[in-house]
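A.B. asks: This is the structure I want to talk about, given as C-alpha cells.
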Amino acid sequence: MRGSVRPDDRLGSLTGCQISSRSVDLWDDEVDRGFREEVRAFLEGSLGGEFALVRGRGGPGDEHALFDERLDWERHLGRNGWTCVAWPKEHGGRGLSLRQQVIYHEEYARARGPGRLGHIGEGLVGPTLMAFGTDEQQRRFLPAIAAGEELWCQGYSEPDAGSDLANIQTRAVPVVDGDGDGGDGDGGAWAITGQKVWTSLAHWADWCFVLARTSPVDPGPGGRKHHGISYLLVPMRQVGVDIRPIVQVTGDSEFNEVFFDGARTSTANVVGEVGDGWRVAMGTLGFERGASTLGQQLNFRSELDAVVELARRNGRATDPVVRQRLARAHVELEVMRLNALRSTPGTDVVNKLHWASVHRSLGELAVDVLGPAGQLDPGDPLQRLFLFSRADTIYGGSNEIQRNIIGERALGLPKEPR
Ligand SMILES: Cc1cc2nc3c(=O)[nH]c(=O)nc-3n(C[C@H](O)[C@H](O)[C@H](O)COP(=O)(O)OP(=O)(O)OC[C@H]3O[C@@H](n4cnc5c(N)ncnc54)[C@H](O)[C@@H]3O)c2cc1C
C-alpha cells in the first residue's frame, strides 16, 4: 500500500488515537502525485490572486453569492481546461480517469473553490448529449458548456409530477411558422406550454432541458404514462418563459417556478426520437445520481473538518456522544469516497441513497455541535449546511424512491402497488 497520512491530525488527537481526519491518499502514485501538484498549483495561483473574492463562496445555502464573479471564474476554468474534466477529450473535456477526477475534486474542495455555476450543463445535459444527442447537437452545445459560456437548468418536476415523473402535463406541439429560435435557421419548431417547479438556477440559465408530452396518454389498457414524452432543449431567454423564484428555508432562492406559455424551440433541439424522451430522461437521471455529484461529495470532508474544529473550540468535543458521532461521520465519509472511486453504471442509486443520508446526518451533527447558537445566526455556514442538506434526500429522486428502485431492480421484489 503506497501513500501518505497527512500531518493534519485533528480528529486523531480529538479521539486520542492516531488516525488522520484527512483521507489517506492510498492510490497516489508518481503520476497522480504530479497531477495533484498541477491541480493544486493552478487553484492556488488563481484563488490566491485574481479570484480571491470567490474563494469559499456560492456553496449550498450561499448560491446567490457573487454571480458575476463566479461566472468569470467558470470561464477562467474553461479557458484553462479545468471544467468538464471527466468528459472525453474529443468533446472538449480532459478525459480524466475516475481516480484523477477524485483528486481534482479533492483539491478543489481543499482550495475552497467556489460553488460551480455550470454543474448542470457539465454533469447532466453534457453527458446526456454525448450518449443520446446528434453530432450537430453535440457541436452546438458542448463547447459552450465547457467554456462556461452557457448555463443550464433541468425542467423535469411539475406540481403533480415529482416522484411520479411520468405524470408531467407540460405539452409541446409542433408549429409551422418556423420561428423556433434554436439559432440554426430551422424550418420548424415546437411550442411548449406548462409549469415546471423546483427548477434550480433557472434564473441564471440560458437553456433548459424540458420533459414535455408530445402525444397524449393512450387511454386504452396498454396506455403507459411514460410513452409520448419528448426531451427538448429550450432557450430560456425568450417571451413565453416566466421565471418566479421560490424562497427557501435558507433564505435564498436557489430554485424557481418556471411557466412556459407557447415558448419555442427548434425541431433540431429534440434529443432522441420524438416521443422517446423517457429513455433519455432516465439516462440523465443516471448521471444525476452518479458521478456528477463527485465534487459535491468530496466537499463534505471540509464541512466535517469545520464541525470538528468547532467541537474543539466550544468544548463539545469532550461529550462522548459527540465524539462518537464525529468518528462515525469520518468513517462514513471515507466509505463514501471509496464507493465513489469504484462507482460503475448501476451503482448510482445505492450511492445516491448513501451520500444523501450521510450528508443529512452531517448537517444534524453540525447543528448539535453548534448548540443553541445554531439558531441565532442565519448566515452561519454550519446552520446553512443543516438546512440545505435536508434537500439532499429529496432531489434527484427521494430516498424512498431510491429504496423502491433497489427493492424492485436489485432484489427483485414485486412492484409496489399503484
Ligand atoms: C433543492 C432541490 C432542487 C431541485 N432541483 C430540481 C431541478 O432543478 N429540476 C427539477 O426538475 N426538479 C428539481 N427538484 C425537484 C425534485 O426532483 C423533487 O422534489 C423530487 O423528485 C420529489 O418530488 P416532489 O417534491 O413532487 O415530492 P413527492 O413526489 O410529492 O413526494 C412526497 C413524499 O412522498 C414520498 N413518496 C412519493 N412517492 C412515493 C412512493 N412511490 N413510495 C414511497 N414514497 C413515496 C417521497 O419520498 C416524499 O417523501 C429539486 C428539489 C430540491 C429539494
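A.B. asks: State which residue is most open to solvent (accessible area, probe 1.4 Å) when the search covers only the range 303-358 and only residues that are closer than 25 Å to ARG57 by Cβ and acidic (Asp, Glu).
C.D. replies: The selected residue is GLU309.
A.B. asks: Related question: Looking at (1) part of a loop (DSSP other than H, G, I, E, B); (2) in contact (Cβ under 8 Å) with a residue 40 or more places away in the chain; (3) surrounded by fewer than 16 Cβ atoms within 10 Å (Cβ to Cβ), which is the only condition GLY95 fails?
C.D. replies: It fails just one condition, (2).
A.B. asks: What single numbered condition from (1) assigned to a helix (DSSP H, G or I); (2) surrounded by fewer than 20 Cβ atoms within 10 Å (Cβ to Cβ); (3) not polar (S, T, N, Q) fails to hold for PRO127?
C.D. replies: Of (1) assigned to a helix (DSSP H, G or I); (2) surrounded by fewer than 20 Cβ atoms within 10 Å (Cβ to Cβ); (3) not polar (S, T, N, Q), only one is false for PRO127: (2).
A.B. asks: If we scan the range 387-407, do we find a residue that is among the charged types (D, E, K, R) and away from the ligand (no atom under 13 Å from the Cβ)? Before you say what the answer is, go through the steps one by one.
C.D. replies: Here is the first cut: in the range 387-407, the residues among the charged types (D, E, K, R) are 390, 392, 400, 403.
Then drop every residue that is not away from the ligand (no atom under 13 Å from the Cβ), which leaves none.
Within the range 387-407, not a single residue is among the charged types (D, E, K, R) and away from the ligand (no atom under 13 Å from the Cβ).
A.B. asks: VAL367 fails exactly one of the following numbered conditions: (1) buried (at least 16 other Cβ atoms within 10 Å of the Cβ); (2) closer than 22 Å to LEU165 by Cα. What is the number of that condition?
C.D. replies: Status for VAL367: all satisfied but (2).
A.B. asks: Are any residues in the range 292-325 over 16 Å from TRP355 (Cα atoms) and in contact (Cβ under 8 Å) with a residue 60 or more places away in the chain, and if so, which ones?
C.D. replies: If the condition is that a residue be over 16 Å from TRP355 (Cα atoms) and in contact (Cβ under 8 Å) with a residue 60 or more places away in the chain, then ASP305, ALA306, VAL307, VAL308, GLU309, LEU310, ALA311, ARG312, ALA317, ARG323 are the ones that fit.
A.B. asks: Related question: List pairs: first residue in the range 154-173 and near the ligand (Cβ under 10 Å from one of its atoms) and among the hydrophobic types (A, V, I, L, M, F, W, C), second residue open to solvent by 50 Å² or more (accessible area, probe 1.4 Å) and not in a loop (DSSP other than H, G, I, E, B) anywhere in the structure, Cβ distance under 9 angstrom, at least six positions apart or on different chains.
C.D. replies: Matching pairs, first to second residue: LEU165/TRP278.
A.B. asks: Return yes or no: is LEU382 more than 16 Å from the ligand (Cβ to nearest atom) and more than 19 Å from the chain's Cα centre (by Cα)?
C.D. replies: Judged against the criteria, LEU382 is a match.
The values are calculated or read from the model by the stated rules, or taken from the named source; none is laboratory data. None of the values given here were measured: they were computed from a predicted structure. Cβ: placed from backbone, ideal geometry, glycine included. Neighbour counts: every protein chain shown. Note: areas computed on protein heavy atoms with side chains; ligands, DNA, RNA excluded. Shrake-Rupley method; radii C 1.70, N 1.55, O 1.52, S 1.80 Å.
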